[in-house]
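Peer 1: Sharing a structure, written as structure tokens. Questions coming.
The values are calculated or read from the model by the stated rules, or taken from the named source; none is laboratory data. This is a predicted model, so every value here is computed, not measured. Quick reminder, even Gly has a Cβ in these numbers, built from the backbone with ideal geometry, and neighbours come from all protein chains shown. Surface areas here come from the heavy atoms of the whole protein model, side chains and all, with no ligands, DNA or RNA. Shrake-Rupley method; radii C 1.70, N 1.55, O 1.52, S 1.80 Å.
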Amino acid sequence: MAITQAMWVHGHSMKIEFPDRIKSSWRAGFFIRVVGKPGTTNWFHFHVPTPVIVNDKRQMVDSAMLRFRAGSNSSAVTNVHIYDGENRLVTYDGLNLSPAAFGLERFNTPGKPSVLWGMGISIGVRFSGTTDAQNTLEFASAGIDFNLFETVRLHFKILTA
């Protein structure tokens, strides 16, 4: 199945749910760098532009993606939740993602649900290091791939004697 739309947002658009748990954040042209306070968890949120209807058909969510890196194994992405409006479509919990270099992490959406309202990606994070360098996460971008199933309508007529 071909991807019909891919919508991304830059990392510096990320929203931090609990700013009091952050030691510092820096938005640059190339990412957002967040240094968490030791021993804390937090949630980061990306709002993704959403093409709800294309060619008179509802788009379907294929997967969400993140490009980020960690300063050490002491800072990690622990959760990824994908939302359509107020509806949580899928959760990936119990993660421990701490890539040393920017890479692409993909999170598939089972059942490829139709998009109704607007997409969001919420990222749970943990900071367990003792230094700023250990408690650093840098997010370059986040996005969602959409697809469109071609549908065929079938009409049945049952004839009885």
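Peer 1: Beta carbons within 10 angstrom, averaged per residue: use that to sort the peptides 37-43, 14-20, highest first.
Peer 2: So the order, starting with the most tightly packed, is 37-43, 14-20.
Peer 1: When the accessible area of segment 29-161 is split by element with a 1.4 Å probe, what percent falls to carbon and sulfur?
Peer 2: Percent of accessible area from carbon and sulfur atoms in segment 29-161: 54.
Peer 1: Within the chain, how many Lys pairs that are eight or more residues apart, or on different chains, come under 21 Å at the alpha-carbon?
Peer 2: 4
Peer 1: Which Cα, out of N108, N87, H45, lies furthest along the positive dipole direction of segment 1-156 (beta carbon charges, K/R +1, D/E -1)?
Peer 2: Of the candidates, H45 comes out farthest on the positive side.
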